[in-house]
Amino acid sequence: MRKEEKVKVVILAGGYGTRISEESHLKPKPMIEIGGKPIIWHIMKHYSAYGHHEFIICCGYKQHVIKQWFADYYLYNCDVTFDLADGNRMTVHNNVSEPWKVTLVDTGLDTMTGGRIKRIQRFIGDDTFLMTYGDAVSDVDLDELVRFHKTHGKIATITAVNVGQRYGIMEIDEEDSTIRAFREKDEIDQGIINGGFMVLGPRVFDYLKDDGTVFEKEPVQKMVEERQLAAFMHNGFWQNMDTQRDRKVLEDLIAAGNTPWMTWKNKMKSADKIGD
């Protein structure tokens, strides 16, 4: 990647979301709303704040919900006049929607995460790309993440976050940030986990076999063994939305006006201050 280059963003949005089934029986988890907008919108706004406007969304479960939402998004964010006497001619008075190019790909209903990534290879080609999950928000500095990835020359970079002991653990080499192992947690762990927000080189596709490939298992373990996986440590905000309790955490933060993941608002405030 050249320094000024903005790259494609892949978002995994095809899972069933069984842990938040109260809503996911109606829609895919990335389409569950916080603050009146789907969580995937919040994720995309964060990437867009750093200039990354081209997205490839890996759809699966209830993909029609995602496709319909994006089909209507432009219309819902513009002022329009419908002239019914003139063949229902539509006049758009303004366009306040984001400068996004969104490719929605059916990656299969039961395809695993690695298989979903493999299925969008034709849209990536030989380029390095960004990737994350469609159910977690963060204020991770994407410019710093990309710069860090360029420095180590490994195939992949994963953003590491510390969330206690709820998930599997990453062991990280302190000297060069290489990930040494992924394992289950134990009583002494601090809880450094895979927070998504990855940078992946095109060689990652060599590690993905078929629809049954779970990215976080065989491919990640092989890259770990070959010392081809680095961790970008993020000490700021990160929150997933795995359960209704997680969703309530995010909704409560929005109600309190404490939304560090809304980096697009922070960047606008900084620009206003510079203008002053």
| request: Within the stretch 25-60, track down each residue that is buried (at least 20 other Cβ atoms within 10 Å of the Cβ) and more than 15 Å from the chain's Cα centre (by Cα). | output: Ile34, Gly60
| query | Filter the stretch 210-232 for residues that are exposed (fewer than 13 other Cβ atoms within 10 Å of the Cβ) and either among the acidic types (Asp, Glu) or modelled with pLDDT under 95 (or both); which is nearest to Gly134 (Cα to Cα)? | reply | Asp210
| query | Quick one: Val92 ticks every box in (1) within 29 Å of Ala256 (Cβ to Cβ); (2) exposed (fewer than 13 other Cβ atoms within 10 Å of the Cβ) bar one, so which box is it? | reply | (1)
| Selection status of Asn266, closer than 29 Å to Ile172 by Cβ, at pLDDT below 90 and among the polar types (S, T, N, Q) | yes
| request: Name every residue in the stretch 69-124 that is among the acidic types (Asp, Glu), over 30 Å from Asp206 (Cβ atoms) and touching a strand residue (DSSP E or B) at 6+ places or on another chain (Cβ under 6 Å), in order of residue number. | output: Asp83
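This table checks each residue for (1) in contact (Cβ under 8 Å) with a residue 24 or more places away in the chain; (2) outside any loop (DSSP other than H, G, I, E, B); (3) closer than 17 Å to Phe197 by Cα; (4) of a type in the set (A, V, I, L, M, F, W, C).
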position: Val220; (1), (2), (3), (4): yes, yes, yes, yes
position: Asp242; (1), (2), (3), (4): yes, no, yes, no
position: Arg245; (1), (2), (3), (4): no, yes, no, no
position: Val249; (1), (2), (3), (4): no, yes, no, yes
position: Leu253; (1), (2), (3), (4): no, yes, no, yes
position: Gly257; (1), (2), (3), (4): no, no, no, no
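The values are calculated or read from the model by the stated rules, or taken from the named source; none is laboratory data. Being a predicted model, the structure only gives us computed values, none of them experimental. Note that each Cβ is placed from the backbone with ideal geometry, even for glycine, and that neighbours are counted across all protein chains shown.
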